[in-house]
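The values are calculated or read from the model by the stated rules, or taken from the named source; none is laboratory data. Please read all numbers here as calculations on a predicted model, not as lab measurements. A quick note on method: Cβ atoms are made from the backbone with ideal geometry, for glycine too, and the neighbour counts reach across all protein chains shown. All accessible areas refer to the heavy atoms of the entire protein, side chains included, with ligands and DNA or RNA removed. Shrake-Rupley method; radii C 1.70, N 1.55, O 1.52, S 1.80 Å.
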Amino acid sequence: MGELAQQEAVRRSGIGIQEWTDAHAPYLDKVVKSGRHPLLARVIRDAELPHAADSAERGFELGLERLLDGWEANLPVRP
């Protein structure tokens, strides 16, 4: 439902997500850098991670690390 509402809001506004982001990025940067709204800063930072250019590589590395850690935890202990 949230995604549909977002799509409808974008349609009604006449501008796309990228245009909205470009228009509001300087203000959001100022808010984050002020340090007065740590929760908002965290939400913005967390929202950027899945869209980062290297997100696929980081996701693969994290998944592989977890897989190997799980195998290592179940290996017999050597004297």
Self-check item: Residue that is open to solvent by 70 Å² or more (accessible area, probe 1.4 Å) and over 20 Å from the mean Cα position of the chain (by Cα), where the choices are 62, 68
Solution: 68
Quiz item: Listed residues 9, 5; which is hydrophobic (A, V, I, L, M, F, W, C) and loosely packed, with under 10 Cβ neighbours inside 10 Å?
Solution: 5
Quiz item: Which residues, taken from the range 50-59, are assigned to a loop (DSSP other than H, G, I, E, B) and open to solvent by less than 100 Å² (accessible area, probe 1.4 Å)?
Solution: 52, 54
Exercise. Find all pairs meeting these conditions: Cβ atoms under 9 angstrom apart; at least six residues apart or on different chains; first residue within the range 26-50 and closer than 28 Å to residue 62 by Cα; second residue at pLDDT below 85 and open to solvent by 80 Å² or more (accessible area, probe 1.4 Å).
Key: 32/45; 49/58
Practice problem: Please find, within the range 35-49, the residue that is modelled with the lowest pLDDT out of those that are open to solvent by less than 80 Å² (accessible area, probe 1.4 Å) and touching a helix residue (DSSP H, G or I) at 6+ places or on another chain (Cβ under 9 Å). | Solution: 44
Self-check item: Within the range 60-79, considering residues that are assigned to a helix (DSSP H, G or I) and of a type in the set (D, E, K, R), the one nearest to residue 22 (Cα to Cα)
Solution: 61
Exercise. Among what's in the range 12-32 and is in a helix (DSSP H, G or I) and surrounded by fewer than 10 Cβ atoms within 10 Å (Cβ to Cβ), pick the residue that is nearest to the chain's Cα centre (by Cα).
Key: 18
